[in-house]
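Worksheet: the structure to be examined is printed underneath.
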Amino acid sequence: MTTVQTRCCITGGGPAGMMAGLLLARAGVPVTVLEKHVDFFRDFRGDTIHPSTLELMYELGVLDDFLKLPHKNTSVLSMRFGAFESEMVDFRHLPTKCKFIAMMPQWDFLDFLSGLARRYRTFDLRMGTEATGLIEEDGAVVGVRAEGPDGPLEIRADLVIAADGRHSTLRALTDLEVDELGAPIDVLWFRLPHDGGDPETSSFYFEAGHIVIMLDRGDYWQIAWVIPKGGFDTVKAKGLAAFHQDLVKVAPFLSDRVSALADWDGIKLLSVQVDRLRTWHKPGLLLIGDAAHAMSPIGGVGVNLAIQDGVAAANLLAGKLREGPVSQADLARVQARRLFPVKLTQKLQIMMQDQVIRPLLGDAEADEPPLAFRLAGRFPKLRRLPARVIGVGVRPEHIETHEDPAALI
Ligand SMILES: Cc1cc2nc3c(=O)[nH]c(=O)nc-3n(C[C@H](O)[C@H](O)[C@H](O)COP(=O)(O)OP(=O)(O)OC[C@H]3O[C@@H](n4cnc5c(N)ncnc54)[C@H](O)[C@@H]3O)c2cc1C
């Protein structure tokens with residue numbers, strides 16, 4: 001058994017864990033990040049880098065380098081509802097450096113963050129290492145048990161941050177209470193080739209009881225097909241040919257390429273879950289990102305909120321962690337800082353789920369969009385509001401930690 005001693009152990013190298021790891025290491029806090037996969041290259045998990053995250057890249061002084069990575073800018077989101085067609089979300093007026101969402105594969109983003117973090121001797125990223133248990137002494141978490149490429153190991157730390165996602169292993173090992181907030185939908189994600197003559201903007205389509213979001217990724221469409229909760233088996237039972245037909249009904253321009261979706265393996269089910277821990281911490285342990293609050297995909301804000309949690313955790317804890325352990329009160333401050341944005345965002349998502357999406361899903365007769373959409377179609381200034389909520393979010397975080405020159409390699 002290998003034993004590692006560090007100041008902070010972060011489980012999960014997703015957006016929340018990598019951001020917290022980078023900022024803590026940069027501020028001179030020894031950090032070990034455990035990521036169970038051997039690389040960041042895996043299934044599509046949300047490729048939206050929001051204006052607020054781009055702002056953080058700017059604050060770190062790396063925005064220009066970041067934007068050199070292959071990506072596609074999305075400044076406007078449109079909607080089509082039968083014959084009604086309009087722009088709905090307009091990011092071009094945001095008070096941020098970048099007035100667009102950068103569509104970029106999440107693995108490129110995570111690789112970029114880990115590349116920045118590797119500049120610090122305080123950063124220790126262990127890929128292919130899965131956290132399997134908590135080490136507890138006298139009622140406090142003092143470390144993590146893990147399985148790495150060379151066998152079992154123990155990482156002892158003053159603080160463990162669980163950023164291991166919506167199916168968090170560490171969360172399941174605690175008695176922290178979770179509030180399930182309800183999700184009446186699931187989402188099927190897949191991609192189809194893009195063609196030169198296709199519509200030019202990423203769009204929401206409401207057609208014949210179907211709700212589909214098509215994100216323009218340059219040479220392909222990333223497509224989200226919304227279905228009632230647990231409905232994937234019903235979709236499959238109708239057969240792939242019927243699915244192709246429905247797809248063409250919604251987006252006729254895809255008729256020449258739906259067959260590229262040749263089997264169900266090309267479709268990834270996102271089983272939507274919306275929940276929130278009542279308390280995000282216990283002595284020696286803090287949960288952030290999806291591990292503390294799984295978000296609905298509505299608005300595509302899960303990555304953004306996870307990153308914001310990472311920034312807040314670093315802002316509030318780096319100073320103390322550099323010197324030694326942090327108290328329960330310190331951890332409570334992170335939750336207090338992040339709870340309002342998370343709660344409000346989930347409230348808006350649930351309102352959308354219940355009042356817009358659920359009624360429209362399956363209602364093949366609906367022939368005009370809800371009032372809010374019609375108003376946004378008529379008054380362009382109204383399109384700035386959803387852009388603000390999606391692109392920047394509630395009470396955005398800014399980087400308050402500083403680089404410790406002694407931490408640089
Ligand atoms: C199909 C799909 C589509 C999505 N689309 C969008 C979108 O368009 N926009 C958006 O904003 N959000 C989207 N999301 C949600 C978004 O991906 C999450 O909200 C966000 O990634 C949460 O970040 P996180 O760091 O908290 O957790 P995660 O991104 O889930 O990262 C957790 C990390 O922990 C690792 N891990 C798990 N268990 C362990 C363990 N025991 N030990 C070590 N490592 C572990 C995982 O491998 C993973 O790398 C989507 C999610 C899915 C599944």
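Here are some notes:
- Note on segment 235-265: residues that are more than 25 Å from P184 (Cβ to Cβ) and of a type outside the set (A, V, I, L, M, F, W, C) total 8.
- Residues of segment 383-398 that are crowded, with 18+ Cβ neighbours inside 10 Å and assigned to a loop (DSSP other than H, G, I, E, B): V392, G393, P396, E397.
- Verdict on G239 being of a type in the set (G, A, S), surrounded by 14 or more Cβ atoms within 10 Å (Cβ to Cβ) and more than 26 Å from F84 (Cβ to Cβ): no
- Flag for S52 being out of contact with any strand residue (DSSP E or B) (no Cβ under 6 Å at 6 or more places or on another chain), within 12 Å of the ligand (Cβ to nearest atom) and within 30 Å of P369 (Cβ to Cβ): yes
- D216 satisfies every condition listed in (1) more than 30 Å from Q335 (Cβ to Cβ); (2) modelled with pLDDT of 90 or more; (3) within 16 Å of the ligand (Cβ to nearest atom) except (2).
- Residues in segment 25-65 that are within 12 Å of D124 (Cα to Cα) and under 20 Å from the mean Cα position of the chain (by Cα): 3 in all.
- Where G46 falls short, out of the listed (1) more than 14 Å from the ligand (Cβ to nearest atom); (2) under 25 Å from G266 (Cα atoms); (3) not basic (K, R): (1)
- Meeting the requirement of 2 or more residues that are basic (K, R), no strands (runs of 3 or more DSSP E) wholly within segment 116-174 can be named.
- Residue identified as at pLDDT below 95 and in a helix (DSSP H, G or I) among L321, L348, L344: L348
- Only one entry in V311, V301, V342 is farther than 28 Å from K268 by Cα and either surrounded by 23 or more Cβ atoms within 10 Å (Cβ to Cβ) or more than 10 Å from the ligand (Cβ to nearest atom) (or both), namely V311.
- When segment 1-17 is filtered for residues that are closer than 13 Å to R126 by Cβ and surrounded by 22 or more Cβ atoms within 10 Å (Cβ to Cβ), the ones remaining, listed by number, are C9, I10, T11, G12, G13, G17.
- Matching residues, segment 140-192, being at positive phi and surrounded by fewer than 18 Cβ atoms within 10 Å (Cβ to Cβ): G151, G182
- Put simply, of V33, V29 the only residue that is of a type outside the set (D, E), away from the ligand (no atom under 14 Å from the Cβ), surrounded by 20 or more Cβ atoms within 10 Å (Cβ to Cβ) and in contact (Cβ under 8 Å) with a residue 60 or more places away in the chain is V29.
- The set of residues in segment 201-213 being within 15 Å of the ligand (Cβ to nearest atom) and in a loop (DSSP other than H, G, I, E, B) is empty.
- Just one of the listed residues (A376, A364) is in a loop (DSSP other than H, G, I, E, B) and either crowded, with 17+ Cβ neighbours inside 10 Å or of a type in the set (A, V, I, L, M, F, W, C) (or both), and it is A364.
The values are calculated or read from the model by the stated rules, or taken from the named source; none is laboratory data. Bear in mind the structure is a predicted one, so any value in this text is a computation, not a measurement. Reconstructed Cβ throughout: ideal geometry from the backbone, glycine too, with neighbour counts over all protein chains shown.
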